[in-house]
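The values are calculated or read from the model by the stated rules, or taken from the named source; none is laboratory data. No experiment lies behind these values; they were computed from the predicted model shown. Methodologically, a virtual Cβ is constructed for each residue, glycine included, from the backbone with ideal geometry; neighbour enumeration extends over all protein chains shown. Ligands, DNA and RNA are excluded from the accessible area calculation, which covers all protein heavy atoms including side chains. Shrake-Rupley method; radii C 1.70, N 1.55, O 1.52, S 1.80 Å.
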Amino acid sequence: MEVTDIGNKEEGKIWHRKPTQGKGVLVTVARTAQQGKTVRFLHVTFDTTGDSFLAGDHHGNIYVFDISRNRFRLVQKTGQACTALSFSLRRTTEFLVAMADYTIKCFDKDTKQLVSWMRGHEGAVSSISVHSSGRYAITTSSDTAQFWDLDTFQRKRKLNIKQSVGIQRVFFLPQSNTILSCFSDDSIFAWESDTLFCKYQLPVPDCGPKISYKAFAVTRDGKRLVAGGRSNLLHLWCLDSKQLVRVIQMPTQIRTVRQLEFLPDSFDGGASQTLGVLSQDGVMRFINIHTCKLHFHMGSPDDAITTVTVNPNGRHVVAIMDNGYINIYSVQSLTREISKPPPSRVAVVTDGDRNQDFSNLKVKVRSEGVQRPGMSSGRTQVKIVRPPVVSTVDNKENELQAGLNKKRLVAMLKAFGEYPAKYRMFVWRSLLCLPENHAAYSSLTDKGLHAAFLTLQDKYPIKSHKLQRGLQRVLSALAHWAAIFGEVEYLPLVSFPFVKLFQNNPMLCFEVVATVIVNWCQHWFEYFPNPPLNILNMAENILAHHDKELLQHLVDCGITSQLYVWPLLETLFSEVLTRDEWLRLFDNIFSNHPSFLIMACVSYITCCREPLLLCSQKQDFEYFFHHRNNLDLGAMIKEAYRLMSSTPADIHPRTMLSDFTPLTNGQYPVFNQYPEFIVEYQSQEREKIRLQEMEYIRERQEVSAVRADFVRRQAEEEAFHKQQELLQKAEEQRRNILAQEEEKLTQQRAKLAAMKRELKVKELLLLDATRRRFLKHQQELRASQIQRLDHEISRKTDLRERETAAAVQDLEVRQMELEAQRRQLEQHLLKEQERTGQDLEEEYELRMRKAERDEQSFIELLHRKEANVQVLEESLTEACQLGLESDWQRDVAERLQQADAEKERRRVRLAELHRQTLAQEERLTDTMRDVAGRQWDEVMTTRAQLQEQRQPCSSKDTDGRRHTRMSSLGFFRGLAHRPSTTSAVPVGTTGAGQGVKPNTVTTPRQTGTNMLCLNSSSPSESNTATNFSLDRGRAQLDSSERELLKEIRELRQKLAARVRESSSASSQSVHTLSSVSQ
C-alpha cells in the first residue's frame, strides 16, 4: 500500500506508481505539517462524474483529488475547519463549504475565488444536500434547516422546530422534487420542494426497541430508503408504497450505525442492492439488502473508518480513517460479486462430481428460487432432475458467466420476447463474455483522443456533452486498437447506441462495441472504403429466395442493396427503431448466431413489403430506410427466426460467417480483417491531404486576407461614395425640410401671434374683471372698515368724553385745592410780614426812646459838670459812647443774626414749597398729556372757560397784593424820611428796613405769579384749540405742551433770579449796617 504525504504542496501526483490490480486500497493520502504533526482530514465528497473528490482538513485547506488524472491541487484556504462539503451540480466548478462559524461559502475551484457567502444558521451545519437540477440546496443544523437558491444565493425558506425535537437530517431525494426531513423522534416526513406541501409521513414501527435514527441512505432511483441508528437494526422503506418492507438485523457486535451508503452498479438501473453500513467499531460492511449476504468489508477496529463517501459510478470508495488519513479503495479489486444481479430465479444445481450418474442427482431449491403466489419463501424443496439430453461439450458451450445457461436464456427470450429490463445489461454482459480488461483499456485511453475524432462534434453534434465525450473516448480507443477504425466513417453510427446505453461505464461500452465489430461485423471491412458488398449480396440472395416480387420491384426502381440493406446495417437499426424496440431486437441478436443480424435486415424489408411496393422514387426509398416506420417488431423477429430456419444452406450466411468469438482476457485480440495497404494508403493520402489542406488553408488565409483587404478598401471606397451621395441627398433633404419647417414655423408663428393676441385680450379682460372685482371687494372692505372705525370712534369718543369729564372734574378739584393752598400761603406770608414790620417798628421806637433818654441824660450831665470836670466828661462821654455803641452793635448783631436765621428758615420753606409746586406741576403735566390725547377740543374749551372765570379773581388778588406791597413800601419810606437827632442811627435803621422789605414783599409776588402761569392760558391757545381736528389736535397739544414747559422753565429762572437778588440785597443791607456801626 502506497502512502502519499502531500505536506504543504499545492499540487502534485496522488500516487507515484500505478496501483496494481487486486489491491483493495489504491493509495493512502496523509498530510503532515511542520514538526511532523498530522493534519487530520475531516470531510470528503465526490463530484457528479466520479472522477474527482474534494477533501477538507482541520486547518481549513480544501484539496481536489482527480483520480482519473492522478493529480491533486489546493483550491482554497478557508482558515477554519469545515463541517460539510458538497459540489454544485449545475456549475461543476463550484462547491459549497460549511464553516465552523456557522456560515456556508461557495468557491470556484478553477479561479479559487469566493462566489458567495451565506449566513443564517445559529449552529454548526452538519449536511448539505443539492437538488438534482443544481439550482437549490438544503443545509441542516441541529436546530434548523434552510432552503437556498443557488442562482441568487438567497434563502427562500427556513424550517424551524421546537427545541425538544431536533433535526437529524434534511435532504433531497434523487431524481425528484421531494424533500425528506428526519427528526430526533424518528419521524420522517416527505415534502414537495416547490410548494413545501407535506406529501406523506413514513410509518415507524411501534413495537420493538427505539432505533433513534442517525444515518440514512437512498437508492439512486429514489425508491428505497434505509435508516439506522443506536441499534443493529436497519429499516428499509419502499417510498412508492410508503411502507416499511423489511427490517435488517446486523451482527450482534454492531451496536450503533454511524453511516449508510448505497454502492451503485452499472447494471442495476439505479436500484442499488449493495448497502454499506459503517458501525461504531470503524468497520464498514457491504451487504445485499435483498439476500442480507455480506459481500466484503473495509477497515478494522485497529484501522477504524470515521466517514465514507462512494463514487457515483461505484468504482471507488474514499474513507477518512481514525488517524486522519484518506484511503482510496477500488471496489472492483475488493470483490466482483457486487456487479452481479441477485441470484437467478431458477433452480441451481449443487456442486458434485461431474462423472457421477445423473439419474440419482438431487437439487436443493433455495428461497431465492422461483417464487409462486401463496408459497412460503423459506421452504426448501427437493426434487429429482433428469439428466440433460445434450452432451457435456454442448453444456460447456452453453454455460455462461455467473452460472447462466444460454439455451435457457434463449428459451426465456422466445417465451417473453425480451430479457428483463432490470437484468438486461447483466445478461448482455454474460452473453458477450466481456473480459473486462481494465489495464488494456486504460492503455488505450491513456493515448488520448484520436486525431480523427477531434472534430467529431462538428459532424455529429450531440446536445449532451457527457455523451459527446463518451463517444469520442470510445471511438478513440477503437482507433488506437485498430487503425482502420480511425478511417471508418460510419463507426460513430454503429457505436452511438451502445455509448448511450453504457454511458456510465465506458470500458464495458468499448468491449461491447469491439465484440459487435469482431462478431456481427465480420467481412465488413474487406472492401473498405466501399460498403461490404459480400454481406449485401448475402442479404440480396436471401431476399431473392424468399420474396422475388419485392426484389424485382426494387430492381425495377433502380434500388440496390446499398440503399435498402446498408442503411440498416451501418446504423444497427437505431434510425428506424425506438429505444425499446432496439433493445428487444438486440436481445435476440446477441442470443443468436452473428448471421441473425443479416436475417433481421431481410426480415425488416419483407415485413415492410407493402409500403415498399408502393414506392417508386429513389428519394422515397432513402427516406423510408432512414426514418422510423410503423412496424410490428414481434412479427419482424418471428420472420427473422423463420428465415434463419428456412433459408437453404448454400445461401445461408451461417456458412460464410464464423461462430461467436469473445474477446480474449488480459489483452484485446489483434484486428486485421481489412485491407491494410488501403488503410495505410488512405492514411498516407489523408496525411498528404492534411498537409495540402494546411498549405491550402494557409494560402487561402493569405488570399482571404488580401481579398479581405481589397474588399475592405473597395467597401470603404463604396461606402465613402455612398456616404457622400447620402450626405448630398441628406443635405438636399435637410434644405427642403428646413424650408418646409421654416414655412411651417412662419405659419405657426402667425398662428401663435394670433393666439397670443387672443390670449392677451382674454388676459386683459380677465385682469379688468379681476381688477373690478378686486376694487369692489376693496370698496366693500373699506366700507366695512370705515363702518367698523365709525363704531370704534363713536365708542372711543364716548369713552373719552367720560374720561375727559372725570379728568376735568379732577383738575377742577385739584386747582381748587392748589388755589386754597396758595391763598393760605399768601395769608401766612402777609401775616408774617406784618408781624415782622410791627416788631421792627416797636424795636425802632424803643431804641429811639432809649437814645433820646440817653441823650437827654448825657446833655444834663454835660451841663452840670461842664465846668468842673471837662476832661473827665470827655473821657466819660467817650467811654459811655463806646459802651453804648458796643451795646447797640451787639444788640444789632444779635438781631441781624436772628433775622438771618429767620430768613434762612423762610428760604428753606420757600424751596420746599417750590419743590412741591414742581411736583404738582409735573403731575398736572402728566394728567394734561393723558387728557389732551382724548378730547383736546373740549378740554381746551373747558380750560378757556375756567380761565375766563378766574381772571377777575386773579386780578383782584393781584391788586390786593400790589396794594399791600405799596403800603408796606410807603411805611418803610416814611420811616426813612423821619427826622433824627443822630445821623448814624437813621442811616442804620433805614438800611435795615430796606434790607428786609424786598424779601417780605417779593415772596408773595413770586408765588402768585407762578400760580398764575400754571393755571392760565393765553387767549390764542384757547382760540386755536377749538378749531382743529382729531389728528391735528395731537400736534398742537404737543406744541402747546412744549410752550407751557418753556414758560414754566422761564418762570423758574425768573423766580431763582429774584431769590438771588433778594438774598444779595439782604446781605448788602447787613454790610451797610455793619459799616454804619463801625
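Suppose R0 equals 41 Å; then what is the FRET efficiency for Lys729 and Ser704 from their Cβ-Cβ distance, rounded to the nearest 0.05? Provide the component values of the computation, followed by the final result.
On the way: r = 34 Å, r/R0 = 0.84.
Efficiency for this residue pair is about 0.75.
Say the cut-off is 19 Å between C-alpha atoms; which of Lys105/Lys156; Lys9/Lys77; Lys112/Lys156; Lys422/Lys500; Lys109/Lys500; Lys463/Lys500 go over it? Walk me through the numbers before you get to the answer.
Values: Lys105/Lys156 17 Å; Lys9/Lys77 13 Å; Lys112/Lys156 27 Å; Lys422/Lys500 17 Å; Lys109/Lys500 29 Å; Lys463/Lys500 12 Å.
Going by Cα-Cα distance, Lys112/Lys156; Lys109/Lys500 fall outside the 19 Å limit.
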* To do: Compute the label zone of Lys112 within the stretch 30-60: residues whose backbone N is under 14 Å from the point 7 Å along Cα-to-Cβ.
  => none
* Return the lysines within reach of Lys850: Cα separation strictly under 27 angstrom, same-chain partners fewer than 8 residues apart disregarded; answer none if there are no such residues. => Lys865, Lys997
* To do: Read phi for every residue in the stretch 717-725 and hand back ³J(HN,Hα) as whole Hz from Karplus 6.51 cos²θ - 1.76 cosθ + 1.60, θ = phi - 60°, with x for Gly and Pro.
  => 5, 4, 5, 5, 4, 4, 5, 5, 4
* To do: Could I have the simple spin-label model distance between Glu2 and Lys500, label points 7 Å from Cα toward Cβ, reported in nm to one decimal?
  => 3.9
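Grab the beta carbon distance between Ala919 and Gln838, set R0 = 45 Å, and tell me the FRET efficiency rounded to 0.05.
0.80
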* Fully extended contour minus Cα-Cα distance, from Arg135 to Leu799, at 0.36 nm per residue -> 229.5 nm
* At a Cα cut-off below 25 Å, give the lysines reachable from Lys688, other chains included and same-chain residues fewer than 8 away excluded. => Lys447, Lys459
* What is the calculated FRET efficiency for His721 to Gln457, with r their C-beta to C-beta distance and R₀ = 51 Å, to the nearest 0.05? -> 0.70
* Asked: By how many nm would the segment from Asp900 to Arg1060 lengthen if fully extended, with 0.36 nm per residue of separation less the alpha-carbon distance?
  -> 56.1 nm
* Enumerate the amide H contacts of Gln76 below 5 Å, restricted to partners 5 or more residues apart or on another chain; note that Pro and chain-start residues carry no placed amide H. => Ile62
* Asked: Expressed in nm to one decimal, what extension gain is obtained for the pair Ser212 and Ile161 from 0.36 nm per residue of sequence separation less their Cα-Cα distance?
  -> 16.6 nm
* Non-local amide H neighbours of Thr306 (under 5 Å, H modeled in plane, Pro and chain starts lacking H): which ones? -> Ile320, Met321, Asp322
* In terms of Cα to Cα distance under 21 Å, which lysines are near enough to Lys776, apart from those fewer than 8 places away along the same chain? -> Lys762
* Label-point gap, in nm, between Met694 and Arg408 - each point 7 angstrom along Cα→Cβ -> 6.0
* Largest-first ordering by accessible area, 1.4 Å probe, given options Ser886, Ser616 -> Ser616, Ser886
* With every protein chain left in place, what is the accessible area of Lys223 in Å² (1.4 Å probe, nearest 10)? -> 90
* Asked: Accessible surface of Tyr844 in the full protein assembly, 1.4 angstrom probe, to the nearest 10 Å²?
  -> 30
* With DNA, RNA and ligands ignored, accessible area of Leu884 (1.4 Å probe; Å², nearest 10) -> 80
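With a 1.4 Å probe and all protein chains in place, put Asp632, Asp798 in order of accessible area, largest first. Before the final figure, lay out each step's value.
Details: Asp632 100, Asp798 70 Å².
The ranking, largest first, comes out as Asp632, Asp798.
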* Can you pull the one-decimal nm distance between simple spin-label points at Val245 and Ser784, each 7 Å off the Cα toward Cβ? => 9.8
* Can you list the HN-Hα couplings for the stretch 623-639, worked out from phi with the Karplus curve (6.51, -1.76, 1.60; θ = phi - 60°), rounded to whole Hz and with x for Gly and Pro? -> 5, 5, 8, 10, 9, 6, 10, 6, 8, 8, 5, x, 5, 5, 5, 4, 5
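If you take every residue apart from Gln778 with its C-beta less than 12 Å away from the C-beta of Gln778, what net charge results, scoring Lys and Arg +1 and Asp and Glu -1? Intermediate values should be presented prior to the final figure.
Values: positive: Arg771, Arg772, Arg773, Lys776, Arg782; negative: Glu780.
Its environment carries a net charge of +4.
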* Heavy-atom accessible area order for Arg69, Arg773, largest first, 1.4 Å probe -> Arg69, Arg773
